[in-house]
1. For A:Gly114, state whether it is farther than 13 Å from A:Met142 by Cα and either in a helix (DSSP H, G or I) or touching a His at 6+ places or on another chain (Cβ under 8 Å) (or both).
2. Has region B:214-230 got at least one residue that is surrounded by 15 or more Cβ atoms within 10 Å (Cβ to Cβ), within 9 Å of chain A (Cβ to nearest Cβ) and touching a strand residue (DSSP E or B) at 6+ places or on another chain (Cβ under 7 Å)?
3. Pairs needed: first member in region A:162-189, away from every other protein chain (no Cβ under 14 Å); second member anywhere, assigned to a loop (DSSP other than H, G, I, E, B); C-beta distance under 6 Å; at least 6 residues apart or different chains.
4. Name the pairs: first residue in region A:86-113 and in contact (Cβ under 8 Å) with a residue 60 or more places away in the chain, second residue part of a helix (DSSP H, G or I) and exposed (fewer than 14 other Cβ atoms within 10 Å of the Cβ), Cβ to Cβ under 6 Å, at least 6 apart or on different chains?
5. In region A:39-60, how many residues are touching a residue at least 12 places away in the same chain (Cβ under 8 Å) and more than 23 Å from A:Thr214 (Cβ to Cβ)?
6. What about B:Asp56, is it exposed (fewer than 15 other Cβ atoms within 10 Å of the Cβ), modelled with pLDDT of 65 or more, of a type outside the set (Lys, Arg) and over 27 Å from the mean Cα position of the chain (by Cα)?
7. Checking B:Phe252 against (1) surrounded by fewer than 20 Cβ atoms within 10 Å (Cβ to Cβ); (2) free of Cβ contacts under 8 Å to residues at least 12 places away in the same chain, which test does it fail?
8. How do the pairs read when you match residues in region A:210-230 that are under 16 Å from A:Thr64 (Cβ atoms) and more than 9 Å from every other protein chain (Cβ to nearest Cβ) with residues anywhere that are aliphatic (A, V, I, L, M) and not in a helix (DSSP H, G or I), using Cβ under 7 Å and keeping only pairs 6 or more apart or on different chains?
Amino acid sequence: MRRLSWFNVTSLTLGFAFLYLPMVILIIYSFNASKLVTVWAGFSTRWYGELIQNEAFLDAAWVTLKVAVISSTLATVLGTMAAYTLVRGGRFFGRTLFSGMIYAPLVMPEVITGLSLLLLFIGIGLDRGVLTIVLAHTTFSMCYVSVVVSSRLISFDRSLEEAALDLGASPFDAFRLVTLPIIAPAVISGWLLAFTLSLDDLVIASFTAGPSATTLPIKIFSAVRLGVSPEINALSTIMIAIVTVGVLTASLVSKRASLRQQQDAQAAERATG
Amino acid sequence: MRRAALIAVPYFWLLVLFLVPFIIVFKISLSDAALAIPPYTPTLRDGIAAMFAEFDFENFVFLTEDDLYWKAYLSSLRIALLSTFLTLLVGYPIAYGMARAPEEWRPTLMMLVILPFWTSFLIRVYAWMGILSNEGLLNQLLIWLGLIGEPLQMLNTNFAVYVGIVYTYLPFMILPIYAALDRMDGSLIEAAEDLGCSRLQAFWLVTIPLSRNGIIAGSFLVFIPALGEFVIPSLLGGSGTLMIGKVLWEEFFNNRDWPVASAVAVILLLILVIPIVLFQRNQQKQAEAEQ
């Protein structure tokens, strides 16, 4: 018998207005013809045109994308391994330290992670560039992946794996043929999380990037430090559009997958029952 | 054999790229600044004995003597605490409304809360620069309404920092509170009302205590990152906004004083250990209670 009161409706409306208005305003003003970002001077796609011709931004976007794809893929492999070890690995030497190292980066301020990695890279004489950003991003995002994947591993029925082992599968085959398909949605959302974390990251990238490689957030940050710019509005709009489409698609796909899984489970129940 | 490799690879990765860097920060915070590249004197070169002989707490003493650092720590704590409280005030009614919304709306509402989280943090902070600036939309609106005659200085003040933190961390507050409220048994409220509570009393005496765990989890999720925040104070805050993340950045990039930056990092971490341990405890207690 829950019913929305006026108070609920008002707080939901105001709350979502607060969450979305700033971004809506940003998107509207990216189509502003005027260079003065606060004065509306008619509709124009001028800033998108200038953005496409801005090679510094395009280069940075390319570096960012490269770093995000490589680091999120590495992070997914490492994070899944770590999750599997933590959930199924039983006891091993230094387990507490290991789980500590998995959880600590989640709450570590970015300035500290960035600073410490930079000091390491300088200490071992590694030139800063794409490689160092990839190493840095992989390290913090593998922890997020491992948290996402281990929550899925904990909730699934272990007897399925044991059945495969009893039926003669090698542990690797059991993982590949039984465990992996079941945890796949978590692995995919882990990858997506790692990917967006890498795309987004400014602080850690600023510490670990060298003059040879600049990422998009670093470029955006140095541009907006001087104030609002219409080109950045256009760039932000593109990024918001990509994320929105991506998240909506992912949620539709996962909804359909879980629906199919339900149907399969029902069919299996009917067949065995 | 395979099992050993499975454990060893991520273990080794984290040891080299998480733990070792950390030890280096700790070590450099105890060494002297030097005008060289890298700009510090290595203290670990001559083995452990020399290391202990050469350790000095100069940088930490320096931090306690210069009141800039004290002020930055205190001001970070104050900003993080107050903005956590403000996020709670803004977030609770939203979570409450979501929990009372019709069943079929809830996935959409959840989606709407999560979506901004996937959008670039930097862009969400940047969006406020155009709104809060002197010629910005908020000032234009207030002048048009006749509430103020002159534009108010809002950007580059602590006010803008609070707005930025509340805005960017709001989903972290809403989601755990919503999860707690969603689990709550609605008949408890009815029971309270039947027993003579007014709606406000029922809310205060039943709903709030039952959502306590959500409130605590959400508050930590906002407080912990807000304390070390760098982007928000540097884009929205002014020269008077002191936050420790910003101080560390400036020590490192502008003053190139690595040992002091490292010492700032070590102390920030020590300050964070307390809320992190408390948060872990709370989560554990909750997990045990659910079992």
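1. Values: farther than 13 Å from A:Met142 by Cα: yes; either in a helix (DSSP H, G or I) or touching a His at 6+ places or on another chain (Cβ under 8 Å) (or both): yes.
So A:Gly114 fits the description; yes.
2. Within region B:214-230, not a single residue is surrounded by 15 or more Cβ atoms within 10 Å (Cβ to Cβ), within 9 Å of chain A (Cβ to nearest Cβ) and touching a strand residue (DSSP E or B) at 6+ places or on another chain (Cβ under 7 Å).
3. Filtered contacts from region A:162-189: A:Ile182/A:Phe156.
4. That search, which allows pairs on different chains as well, returns A:Val87/A:Ile154.
5. 4
6. yes
7. (1)
8. A:Thr215/A:Ala209; A:Ile218/A:Leu202; A:Ile218/A:Ala209
The values are calculated or read from the model by the stated rules, or taken from the named source; none is laboratory data. Computed from a prediction, not measured in an experiment: that's the story for all the values here. As a convention, Cβ positions derive from the backbone with ideal geometry for all residues, glycine included, and neighbour counts pool all protein chains shown.
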